[in-house]
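Working notes, beginning with the structure itself.
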Amino acid sequence: MTPAFKEYPLHLKILREEALRAADPAAAVRRGLAGADLECRGRMFVVGAGKAGAAMALAAEEMLGGRIAAGVMSVPALPPQAERRVKFILGGHPVPTEGSLSAGKAAAELLEGTTKEDLVLVLLSGGGSALMELPRPGIRLGDLQALTGVLLKSGAAIHEINLLRMALSLLKGGGLARLAHPARVLTLIVSDVIGDPPQTIASGPTVYRETPPAEICAILEKFRLRESLPSAILASLDQFIAHPPEPAPLDSRVENRIIASNRSAGEAAAAAALRLGFRMDFLADDWRGEARDAGRRFAEMLIRLRGRGPACCIAGGETTVTVYGKGKGGRNLEAALAAATVLDGQPETVLATLATDGVDGPTDAAGASVDGRTIARARRLGMDPHRYLEENDSYPFFDALGDIVRTGLTGTNVMDLWTGLVYQ
């Protein structure tokens, strides 16, 4: 059966749902745990943080029940109240809050006095860096919040942001594993980082990592951060640069395991596209760079496919936005707006962007869908798409057109997923 252009909203919905189903964190925890993983003579603790944290912890409780001695999980939205072994704490994201610091303190207290007979099950997903934090002495919550605000507007990539966070934290960069020592540590990870490096996801709390001072200096210089960061943050970073901590020894009792990723979500969407009658032409999970530039590249790729029958392209990854204007939007909305300017006038060609956590920037949008008619519709409403792009004001643009994709909080986070469909 040849897919019809008029049904593209349904097709996009099916692909989106299949991708999110593949990234379901509860199912991933059930798949990711085996009997041998849970053998321990002592106590079992559950600790973690992330946008998928509630679902991951509830799945672990369902499997392990009374075997869990205690637990702490920091999440962006609390699950329904009930008697549980794991204590849920409301943290902040993308900016840390008092709850984030309370969660970090609670995790440190929980892990005091662990023995080599104990097992610490760590559950991590995207957002964990902000949701649970234990800053180095001298750094206050306001300093961390200011740091986050500056970094989110700087255009720095997530790995660069996390390097600075690691240098300022007692949890990140293996800090949580140090607190859990000498217990055995098993970390299950829902990846929100390109390439799935465990040392970067949630800033790698259970991955011992040496952060070279030269890298910190390079990031500060690259984004001119000394001009905008709080004095307490700069003082702590300068102390780290002058006196870096001793590298931690490799610990064979710490295991980090990826259980869901952008790749698995993209492959599920691709399989659904094939069932709908599309030819899969492109599938990637490593897209990055400026959102508007990547959006244009994706649209140009779709145009080159025209004339060869129904085709689907899927690009996963995570782009960045350098803020020039004072508008409202996110990286997926901005990418979609830039793509729409390229697709202007192209028949039967569709592109949709999606933040898999359901939140694109400081908005209630997950992304947007565009086609060859989007720009013409906007101009009939008196809207200049280039002005909206210059002002980083993509949210009101798509809101006026009714083209925003809203999923609500999905309970997972495996970066962004962009889908392109060509019907002729």
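Miscellaneous remarks
- In this simple spin-label model, placing a label point 7 Å from the Cα along the Cα-to-Cβ direction at both Arg136 and Lys13 gives a separation of 5.2 nm.
- Selection of trypsin sites (Lys or Arg not before Pro), the range 138-201, meeting DSSP coil and at most 15 other Cβ within 10 Å: Arg140
- Mean residue ellipticity, 222 nm, helices only, the chain: the sum of -39500 (n - 2.57) across DSSP H runs of n ≥ 4, divided by residue count and rounded to 500, is -12000 deg cm²/dmol.
- Flagged links, alpha-carbon separation over 30 Å, of Lys105/Lys222; Lys51/Lys326; Lys13/Lys328; Lys13/Lys222; Lys51/Lys328: Lys105/Lys222; Lys13/Lys222
- Cα→Cβ-extended label distance, 7 Å offset, between Ser231 and Arg31, nm: 5.2 nm
- For the chain, accessible area per residue (1.4 Å probe, heavy atoms of protein chains only), Å²: 41 Å²
- Close amide-amide hydrogen proximity is noted between Gly317 and Trp287, Asp416, each under 5 Å apart and 5 or more residues distant or on a separate chain (H modeled in the peptide plane; Pro and chain starts excluded).
- Length-normalised contact order of the range 1-102 in % [C-alpha pairs under 8 Å, at least 6 apart]: 20 percent
- The range 89-158: radius of gyration and largest Cα-Cα distance (Dmax), Å: 14.0, 45
- Computed E for Gln424/Val323 - FRET, C-beta separation, R0 30 angstrom, nearest 0.05: 0.20
- Percent RCO, i.e. relative contact order, over the range 201-314, from Cα pairs under 8 Å lying at least 6 residues apart: 24 percent
- Over all other residues within a Cβ to Cβ distance under 14 Å of Thr2, the charged ones net out to +2, with Lys and Arg as +1 and Asp and Glu as -1.
- What the Cβ-Cβ distance of Met383 and Met280 gives, at R0 = 35 Å and to the nearest 0.05, is a FRET efficiency of 0.55.
- Taking only Cα atoms of the range 292-424, radius of gyration then Dmax in Å: 13.7, 42
- Our Cα-only numbers for the chain put the radius of gyration and Dmax at 22.1, 70 Å.
- Within a Gaussian network of the chain (alpha carbon springs, distance under 10 Å), most fluctuating of Gln199, Gln239, Gln81: Gln81
- With the simple spin-label model, which puts each label point 7 Å out from Cα in the Cβ direction, the Lys116 to Val95 separation comes to 4.7 nm.
- Cα gyration tensor shape for the range 253-318, rounded if a/c is under 1.5, else prolate or oblate: oblate
- Of the solvent-accessible surface of the chain, computed with a 1.4 Å probe and all protein chains present, 52% belongs to carbon and sulfur.
- Cleavage-rule hits, trypsin sites (Lys or Arg not before Pro), the range 254-346, DSSP coil, Cβ neighbours within 10 Å at most 10: Lys326
- Rounded to 5, percent antiparallel among DSSP beta bridges of the chain: 35 percent
- Sites Ala242 and Leu78, calculated FRET efficiency, Cβ-Cβ separation with R0 60 Å, nearest 0.05: 0.90
- Local net charge near Leu302, Cβ-Cβ under 15 Å (Lys/Arg +1, Asp/Glu -1): +2
- Full extension of the chain between Glu62 and Ala271 gives 72.2 nm of extra length, using 0.36 nm per residue less the Cα-Cα distance.
- Farthest towards the positive end of the charge dipole of the chain, among the residues Val29, Val207, Ala177, is the Cα of Val29, using unit charges on the Cβ of Lys, Arg, Asp and Glu.
- Of the chymotrypsin sites (Phe, Trp or Tyr not before Pro) found in the range 284-340, those that fall in a DSSP loop while having at most 13 other beta-carbon atoms within 10 Å are Tyr324.
- Each Lys or Arg adds one and each Asp or Glu subtracts one; over the other residues with Cβ under 12 Å from the Cβ of Ser394, this totals -3.
The values are calculated or read from the model by the stated rules, or taken from the named source; none is laboratory data. All figures in this text were calculated on a predicted structure; none of them were measured in a lab. Virtual Cβ from ideal backbone geometry, glycine too; neighbours counted across all protein chains shown. The protein model used for the area step is the full one, side chains on, heavy atoms only, and it has no ligands, DNA or RNA in it. Shrake-Rupley method; radii C 1.70, N 1.55, O 1.52, S 1.80 Å.
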